[in-house]
Amino acid sequence: MEDILFDYHVANSMATLDYGKDADYNSRLYKLGVLKKHGVSEAEFDSSMVYYTRHADLLHSIYENLATRMTNEALAVGADANDVNRFMINDGDTANIWSQERSLALMTDAPYNVVSFHAEADSSYHKGDRFVMAYDTKFLYQEGMKNGVAQLVVRFANDSIATKTMHMSVDKDYSMEIADNDSIGVKTVKAFIYLGKDSRAGESTLKVMVVSNVRIIKCHPQNKPYEKTSSETPTPNTPMKPDSATFNDTIGNRPE
């Protein structure tokens, strides 16, 4: 079943590349081709999926293996195993703080419908840090609305909270970020990825979201020595004469 579903996924991905009036027709042809390859009829496949969706632990185990296989397949054709550089700040440091499995499969039934992450800030966190959460999704649905949700939450040192939420319904790479723009400092970083139900779809149909290459990249710039610009350094023979409008505006807006 794992091999059938792996090819089923590949066929589904190929079908998403076909746009226009023939897309649905081609999608069905691809999937029928998978079943023919494995000598399985549509009725047998549908019956098997009914069984596995009623035994979610077995189906989840299959898809955990598939998530790893999909990641390995992507690496084999040239995907970047560690794309931290994609999120580099100039002259900065980065680290992936995501501590859960990087490839996983989510289903619409608990406890297989969500994965969560929590990290307490330590000495490696700095004021001004930026956090980028990124991942790839692949949906395998026989029917129903795709309803993936991800959220990134950062609690700052003053207990203010910033959140970013992403809704997923198509196969693609997703990313979102939160930055400590005011250099307050960070207390905690939390995140979750969730697959919701669609009440209009049948209960015994295939509904899986494979999430791969999950990472939360912590980026912080290195401190640079302050350098005066030429406009800030008067020449020896040219005394400084403040412009009256600029001078008055500066005094008027001086912080207490």
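The values are calculated or read from the model by the stated rules, or taken from the named source; none is laboratory data. Just so it is clear, the structure is predicted and the values come from calculations on it, not from any experiment. Glycine gets a Cβ as well: all are built from the backbone with ideal geometry, and neighbour counts include every protein chain shown. Surface accessibility is based on the protein's heavy atoms, side chains included, excluding ligands, DNA and RNA. Shrake-Rupley method; radii C 1.70, N 1.55, O 1.52, S 1.80 Å.
Ranked from largest to smallest solvent-accessible area, with a 1.4 Å probe on the protein heavy atoms, ARG54, ARG102, ARG130 come out as ARG54, ARG102, ARG130. Within the set of other residues whose C-beta is less than 15 Å from the C-beta of GLY185, count the net charge using Lys and Arg as +1 and Asp and Glu as -1. Neighbour charge sum, excluding GLY185 itself: -1.
Using a 1.4 Å probe, how large is the accessible area of GLU44, given in Å² and rounded to the nearest 10? Accessible area of GLU44: about 100 Å². Stretching the chain fully between ARG54 and GLU73 yields a gain of 4.0 nm (0.36 nm per residue, less the alpha carbon separation).
Against the criterion of solvent-accessible heavy-atom surface with a 1.4 angstrom probe, MET166, MET209 sort, most first, into MET166, MET209. Here the extension length gained between THR165 and LYS190 equals 7.8 nm, from 0.36 nm per residue of separation less the Cα-Cα distance. Each of the peptides 58-70, 150-162 was scored by the mean count of other Cβ atoms within 10 Å over its residues; in descending order, highest first, they stand as 58-70, 150-162. Residue separation of ARG28 and ASP182 scaled by 0.36 nm, minus their Cα-Cα distance, works out to 50.2 nm of gained length.
What the Cβ-Cβ distance of MET14 and GLN100 gives, at R0 = 30 Å and to the nearest 0.05, is a FRET efficiency of 0.55.
TYR8 exposes around 20 Å² of accessible area when a 1.4 Å probe is run over every protein chain in place.
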